[in-house]
1. Go through segment 65-89 and report how many residues are closer than 20 Å to Thr34 by Cβ, crowded, with 23+ Cβ neighbours inside 10 Å and more than 10 Å from the chain's Cα centre (by Cα).
2. Quick test of your reading of the structure: Ala92 fulfils all but one of (1) open to solvent by 30 Å² or more (accessible area, probe 1.4 Å); (2) among the small types (Gly, Ala, Ser); (3) at pLDDT 85 or above. Name the failing condition by number.
3. Give segment 29-64 a look and list any residue that's more than 15 Å from Asp209 (Cβ to Cβ) and exposed (fewer than 14 other Cβ atoms within 10 Å of the Cβ), or say none.
4. Return yes when Ala124 is under 25 Å from Ala224 (Cβ atoms), among the hydrophobic types (A, V, I, L, M, F, W, C) and at pLDDT 90 or above and no when it is not.
5. Which number in (1) assigned to a loop (DSSP other than H, G, I, E, B); (2) under 15 Å from Gln220 (Cβ atoms) marks the one condition that Pro77 misses?
6. Output the residue which, of all residues in segment 23-64 that are more than 15 Å from the chain's Cα centre (by Cα) and hydroxyl-bearing (Ser, Thr, Tyr), is modelled with the lowest pLDDT.
7. Among the residues of segment 105-128 satisfying the criterion of being outside any helix (DSSP H, G or I) and out of contact with any helix residue (DSSP H, G or I) (no Cβ under 7 Å at 6 or more places or on another chain), which is surrounded by the most Cβ atoms within 10 Å (Cβ to Cβ)?
8. Under 9 Å between Cβ atoms, which residue pairs at least 6 apart in sequence (or on different chains) link something in segment 215-228 that is in contact (Cβ under 8 Å) with a residue 60 or more places away in the chain with a partner that is in a loop (DSSP other than H, G, I, E, B)?
Amino acid sequence: MFPNDRSKSFCLFIKGARTMSNYEIVALCFGIMTGLYLCYQAEKFRKKGNKKRELALKGGTTLTAALLAGYGYSLRPTPAHLMIMIGLFVCAVADVVLDRHFLAGTVAFGLGHICYCAAYLLSAGPGIGSLILFLVMAGLMIILYPKLKQFSAPDSALPYLGYALLISAMLALALPQKTMLLAGAALFVASDCMLLYRMIRKLPSRAYDYICLGAYFLAQFLIAASTLL
């Protein structure tokens with residue numbers, strides 16, 4: 001194919017994408033994310049997997065959600081949509097960093113959650129329900145803090161407690177948001193809880209890993225899709 005033919009094909013693709021409905025674009029994104037996620041899991045569990053390819057697939061899955069949010073922001077450029085887009089891009093970076101350095105990855109995810117919290121505050125202010133939910137979750141985190149200290153070194157447990165309180169705030173602030181955003185926030189918290197439980201119990205189950213990470217990527221998809229639907 002000659003360069004001019006490629007340019008024409010690309011223009012036709014863009015023109016076709018513009019004729020798609022938001023639901024069709026969201027469905028396409030879901031299909032791409034599912035494909036990337038399954039390829040990532042397949043690469044991860046290969047006996048001689050390529051680590052760079054594995055991380056590229058992992059980060060690329062969340063990056064696809066970020067691009068979807070970017071498209072949503074281009075249609076409705078609100079501050080809340082901008083913060084969701086930024087948060088997803090930060091989480092895509094965190095996906096890669098987490099495998100290299102767990103604490104650094106946790107901090108990166110924390111920055112992503114701060115963006116989500118800002119987006120929720122810009123969209124709909126918290127009510128009494130959000131306050132009650134945060135206090136209940138914060139109380140549970142403080143109660144479980146001794147267990148967290150057993151899991152990690154005592155001098156490094158505080159950052160993880162801070163992260164736990166941050167995701168509690170993120171979920172609480174999502175309470176008055178649209179159902180899709182609330183579902184995404186709830187799945188994100190559930191995925192983190194499953195990940196922590198798996199690390200503490202040292203569960204080798206591949207099925208559990210699929211469910212845990214599947215919930216995480218579905219959460220990111222729902223948060224991104226909320227900018228269009």
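1. Number of matching residues: 3.
2. (1) is the only condition that Ala92 fails.
3. The answer is Gly31, Gly35, Lys47, Lys48, Asn50, Lys51, Lys52.
4. no
5. (2)
6. The selected residue is Tyr23.
7. Pass one, segment 105-128, residues outside any helix (DSSP H, G or I): 124-127.
Now drop any that are not out of contact with any helix residue (DSSP H, G or I) (no Cβ under 7 Å at 6 or more places or on another chain), which leaves 124-125, 127.
Working: Ala124: 16, Gly125: 10, Gly127: 11.
Within segment 105-128, the match that is surrounded by the most Cβ atoms within 10 Å (Cβ to Cβ) is Ala124.
8. Once the first residue is in contact (Cβ under 8 Å) with a residue 60 or more places away in the chain and sits in segment 215-228, its partners that are in a loop (DSSP other than H, G, I, E, B) give Ser226/Gln177; Ser226/Lys178; Thr227/Arg76; Thr227/Thr78; Leu228/Arg76.
The values are calculated or read from the model by the stated rules, or taken from the named source; none is laboratory data. Remember, predicted model here, so these are calculated numbers, not experimental data. Don't worry about glycine lacking a Cβ; one is built from the backbone with ideal geometry, like all the others, and counts go over all protein chains shown. When the accessible area is computed, the model is the full protein with side chains, heavy atoms only, and any ligands, DNA or RNA have been set aside. Shrake-Rupley method; radii C 1.70, N 1.55, O 1.52, S 1.80 Å.
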